[in-house]
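A.B. asks: The structure follows.
The values are calculated or read from the model by the stated rules, or taken from the named source; none is laboratory data. Model, not experiment: these values are computed from the prediction. Reconstructed Cβ throughout: ideal geometry from the backbone, glycine too, with neighbour counts over all protein chains shown. These area figures cover heavy atoms from the full protein model, side chains too; ligands, DNA and RNA do not enter into them. Shrake-Rupley method; radii C 1.70, N 1.55, O 1.52, S 1.80 Å.
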Amino acid sequence: MDALNQLVGGFATALTPENLLYAVVGVLLGTAIGVLPGIGPAMTIALLLPLTRSLDVTGALIMFAGIYYGGMYGGSTTSILLNTPGESASVVTAVEGNKMAKGGRAAQALATAAIGSFVAGTIATLLLAVLAPTVAEFAVEVSPADFFAIMLLAFIAVTSVLGSSRVRGLAALGLGLTIGLIGIDKTSGQQRLTFGIPEIADGIDVIVVAVGLFAVGEALWTAAHLRRKPIEVIPVGNPRMNREDWARSWKPWLRGTAIGFPFGAIPAGGAEIPTFLSYVTEKRLSKHPEEFGHGAIEGVAGPEATNNASAAGGLVPMLTLGIPTTATAAIMLAAIQSYGIEPGPQLFDKEPELVWGLIASLFIGNTVLLLLNLPLAPIWAKLLRIPRTYLYAGILFFSSLGAYAANANTFDLFLLAIIGALGFMMRRYGLPILPCIIGVILGPFAEQKLRQALQISNGHVSGLFEPVSVVVYCIVGLILLWPVVRRFLPRKAVPSVLEEATHEIEEAHHHHGLTSSVSVERHVGDEARRKPDPADPSGP
Amino acid sequence: MSSAAPGGTQEQGRSEYGVALFLAALGLLVVVQALLLPESRISRGPVGPGAVPIVVGSLLVLVAVFLALDVYRGGRGEPEGGEDVELSGGTDWRTVLMLAAAFVANALLIEPLGWPLSGAILFWGSAFALGSRHYVRDAAIALVLSFGSWYLFFFGLGKLLPVGILKGIL
């Protein structure tokens, strides 16, 4: 098998002492930062981006692989011990895992999360290694018109997250697209929205946007509403599981992998819906359904595995098409682009060493994570006790450091403040951050493909409609018109598992208020429940 | 800000029209700017540099209208929650302003004073703004962090952060 040969080559790249060190440092840093309350994986990567800038591209990506998995695991630890989901994908972990921890089973919850993440991550990375080259081969044939359609689908899918207001999702997308427009237009050399300011002629550095939206915005928002009460962290020993825990965990791990990977791999997936699907599935299949809601181990094992599998799955569209579907993947994409490398179909041909080195590092990062984090869990738990004053002061400190170090320019610090203020406003009025960051990063790429497509067709709009893109546009239309379409469907058309997952998501949003918002579009004339849009299996 | 309870008071309802207004103004700005772009001599292809900004700007204006409608009909953007966040108390603008002051102080001072000092001011000021009153301990942590990060960037990453008045000492 060609892919396996390539993968062996990738291990040769990743296993040099230097690169191995980067992987270990990445895992340690990723976990240490990710475990801090309120810091999700996306913020972790954004804050650490400046550190990797001075490495060569292979080393940087290998470190990223470590940071990626470390940050995600750190997020699960926080969710379990502190009930603080850093991102929407770990909301379920917080629900069940924190109940387990409160019931004195924190060690088991951490263990099933760590081992489940390892199992799912390994299987999913293997699937990535096998699938990605094939997808890339297919993607070479994809025309600019089709690309544009797929990106449009990604835009619409991230704005139509369940349980939140779509008007506000679109508003966030529009803000992101606008930020993406700033700078010199590559095709014509015209300055757009720069107002003669030379510092932004090359556009706003993605580091500044990401750090501003995620870190500064979050720190300001939390500071404005800081809960001034002692922090309750649940004490934890070394993670361990007994025979019964193993017996109840391994099936959810595998099912979670099976649910998570495909959702991550379609260019409209994301990690929230599959984790909830996994939760509901486990609840139905469990022999102990009465424990759900009070700390059922299956409710941690399944969603955690799903989360990791969908993260690895999300690398398929990210590497082969250059289309990210989660905030974390979007920032990784930006990091790769900052080296002048354009992820896309040609990546596997042009940069085989880099891609396979990255994939091999995902395996290594995953293994290092398991080996380090089982014994280190009590230390990570101590990090949760960091005083909030220092935590948020530290976030502002490192945000400024990172934004300044990126270009050694004071102007970027003022930009960071402005974008931080934007992030504050978005949090206050329930505008989700994900569509905005996807708009910033994917917007310029989408414009380029659109103009290429129209160039090929000599300006005829018909050039945008090719067989693949027509199918994709139909899906986009279906998602947009879903509230209307739904009324014409027979009641039973939506599988009840999906229905239940939808319900769970809305409940969780209600409790956690994660990037959600209420909108009248849900109350007027239609039931509150909608089917998860990207669940349409008819991907291109 | 006396009352900004999550998702529902009159006051937030009214201020949310401000968001719609902001989006509409931004959209108009984007459209106008695109229309004012001069004819390009090196432009290739039938779609000029102004087309996409016009679409994006119109999207913003359209979204602003729908958002205003949504707010009018009673829809509310729900403020983001979190374990460290208490939404019932209203916005603590004093803390936010003090944080902004510390942040801007760093931006203004980083080049004249150098990162080891301006960064320490940023950290100490932020900790103070957030309510820490251990002045000496905060200052010690701040200096360790800022000097430490300066040396980390210099020796670890080969990047020279501003030295400012400490030139020759570091």
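A.B. asks: Specify, per residue and in Å³, the volume enclosed by the convex hull of the alpha carbon atoms belonging to the stretch A:167-315. Kindly include the intermediate steps, with their values, before the conclusion.
C.D. replies: Values: hull volume 31.0 nm³, N = 149.
Each residue corresponds to 208 Å³ of Cα convex hull volume.
A.B. asks: Continuing with the same structure: Report the Cα-based extents of the stretch B:92-166 along its three principal axes, largest first, to the nearest Å.
C.D. replies: Cα spread of the stretch B:92-166 along its principal axes, largest to smallest: 40, 24, 20 Å.
A.B. asks: Another question, then. Starting from the Cα of residue B:28, move 7 Å in the Cα-to-Cβ direction to define the label point; list residues of the stretch B:50-92 whose amide nitrogen is under 19 Å from there.
C.D. replies: Flagged as within label range: B:53-69.
A.B. asks: For the stretch A:244-308, which trypsin sites (Lys or Arg not before Pro) pass both filters: DSSP loop (anything but H, G, I, E, B) and at most 15 other C-beta atoms within 10 Å?
C.D. replies: Details: sites: A:248, A:255, A:283, A:284, A:287; in loops: A:287.
Counting only loop positions with at most 15 other Cβ atoms within 10 Å, the trypsin sites (Lys or Arg not before Pro) in the stretch A:244-308 are A:287.
A.B. asks: Enumerate the helices in chain A for which the Kyte-Doolittle hydropathy averages 0.5 or more and the C-alpha atoms extend at least 27 Å along the helix's axis, using complete DSSP H runs. Could the numbers behind the result be given before it?
C.D. replies: Numbers: long enough: A:57-82 (36 Å, 1.13); A:106-140 (47 Å, 1.69); A:243-265 (33 Å, -0.60); A:298-320 (33 Å, 0.26); A:352-383 (41 Å, 1.40); A:388-407 (30 Å, 0.68); A:410-428 (28 Å, 1.37); A:433-456 (34 Å, 1.02).
Membrane-span-like by this criterion, though nothing is claimed about a membrane: A:57-82, A:106-140, A:352-383, A:388-407, A:410-428, A:433-456.
A.B. asks: Here's a follow-up. Between residue A:195 and residue A:244, how high is the FRET efficiency from 1/(1 + (r/R0)^6) when r is the Cβ-Cβ distance and R₀ = 45 Å? Nearest 0.05.
C.D. replies: On the way: r = 65 Å, r/R0 = 1.44.
The formula returns an efficiency of 0.10 here.
A.B. asks: Rounded to the nearest 0.05, what FRET efficiency do residue B:136 and residue B:170 have when you use their Cβ-Cβ distance and R0 = 30 Å? Display every interim value, and only then the final one.
C.D. replies: On the way: r = 23 Å, r/R0 = 0.77.
E between residue B:136 and residue B:170, to the nearest 0.05, is 0.85.
A.B. asks: Summing both sides, how much accessible area is buried between B and A? Use a 1.4 Å probe and give Å² to the nearest 100.
C.D. replies: Values: alone 12130 and 21860 Å², together 26740 Å².
Protein heavy atoms only, the B-A interface buries about 7200 Å².
A.B. asks: Relative to the longest principal Cα axis of chain B, at what angle does helix B:115-129 sit, 0 to 90 degrees, rounded to 10?
C.D. replies: Orientation of helix B:115-129: about 70 degrees from the principal axis.
A.B. asks: Same structure again: Could you tell me which residue out of A:387, A:159, A:303 lies farthest along the dipole of chain A toward its positive end? Charges go on the beta carbon: Lys and Arg +1, Asp and Glu -1, centred on the Cα centre.
C.D. replies: Selected residue: A:387.
A.B. asks: Another one. Can you give the helix-only mean residue ellipticity at 222 nm for chain A, where every DSSP H stretch with n ≥ 4 adds -39500 (n - 2.57) and the sum goes over all residues, rounded to the nearest 500 deg cm²/dmol?
C.D. replies: Dividing the helical sum by the residues of chain A leaves -23000 deg cm²/dmol.
A.B. asks: Then there is this: Is the shape of the stretch A:261-416 best called rounded, prolate or oblate, per the rule: a/c under 1.5 gives rounded, else a/b larger than b/c gives prolate, else oblate, with a ≥ b ≥ c the square roots of the Cα gyration tensor eigenvalues?
C.D. replies: On the way: a/c = 1.99, a/b = 1.23, b/c = 1.62.
Note, shape of the stretch A:261-416 comes out oblate.
A.B. asks: Any idea what the relative contact order of the stretch B:92-166 is, in percent, if you count C-alpha pairs under 8 Å spaced at least 6 apart?
C.D. replies: Details: 80 pairs, mean separation 28.3, N = 75.
Here the relative contact order equals 38 percent.
A.B. asks: Expressed in nm to one decimal, what extension gain is obtained for the pair residue A:353 and residue A:18 from 0.36 nm per residue of sequence separation less their Cα-Cα distance? Let's see the in-between values first.
C.D. replies: Details: separation 335, 0.36 × 335 = 120.60 nm, distance 1.56 nm.
Stretched fully, the residue A:353-residue A:18 segment lengthens by 119.0 nm.
A.B. asks: Residues of the stretch B:92-166: accessible area per residue at 1.4 Å, in Å²? Show your work: numbers first, answer last.
C.D. replies: Values: 3460 Å² over 75 residues.
Per-residue value: 46 Å².
A.B. asks: How well do other chains shield peptide B:158-165, expressed as the mean number of their Cβ atoms within 10 Å of each residue Cβ?
C.D. replies: Average neighbour count from other chains, rounded to a whole number: 2.
A.B. asks: Then there's this: Just to be sure I follow: if Rg is taken over the C-alpha atoms of the stretch A:76-233 and Rh is the Kirkwood radius over the same atoms, what is Rg/Rh? Can you show the working numbers first?
C.D. replies: Numbers: Rg = 21.5 Å, Rh = 20.2 Å.
Ratio of gyration radius to Kirkwood radius for the stretch A:76-233: 1.06.
A.B. asks: Once you put a point 7 Å from the Cα of residue B:93 and another 7 Å from the Cα of residue A:134, both along the Cβ direction, what distance in nm separates them?
C.D. replies: 6.0
A.B. asks: Additional query: Testing the spin-label approximation: label points 7 Å from Cα along Cα→Cβ at residue B:143 and residue B:73. State their distance in nm.
C.D. replies: In this crude spin-label approximation the distance works out to 6.1 nm.
A.B. asks: What's log10 of I(q)/I(0) for the protein assembly as shown at q = 0.10, 0.11, 0.12 Å⁻¹, Debye sum over Cα points only, no solvent?
C.D. replies: -0.96, -1.20, -1.47
A.B. asks: Might you report the magnitude of the Cβ-based charge dipole of the stretch A:406-494 about its Cα centre, with Lys and Arg at +1 and Asp and Glu at -1, to the nearest 20 debye?
C.D. replies: Working: 8 positive and 3 negative charges, 127 e Å.
Computed about the Cα centre, the dipole is about 620 debye.
A.B. asks: Just add up the charged neighbours of residue A:61: K/R +1, D/E -1, any other residue whose Cβ is under 13 Å from the Cβ of residue A:61. Intermediate results must be reported in sequence, preceding the final value.
C.D. replies: Numbers: positive: A:53; negative: A:56, A:351, A:353.
Within the 13 Å Cβ shell, the charges total -2.
A.B. asks: Grab the beta carbon distance between residue A:407 and residue B:101, set R0 = 35 Å, and tell me the FRET efficiency rounded to 0.05.
C.D. replies: On the way: r = 24 Å, r/R0 = 0.68.
The calculated FRET efficiency here is 0.90.
A.B. asks: Suppose we take every Cα in chain B and form the convex hull; what volume per residue is that in Å³? Let's see the in-between values first.
C.D. replies: Details: hull volume 36.8 nm³, N = 170.
Given the Cα convex hull of chain B, per-residue volume reads 216 Å³.
A.B. asks: Right, next: Points 7 angstrom from Cα along the Cβ direction at residue A:458 and residue B:36: gap in nanometres?
C.D. replies: Label at residue A:458, label at residue B:36, 3.6 nm between them.
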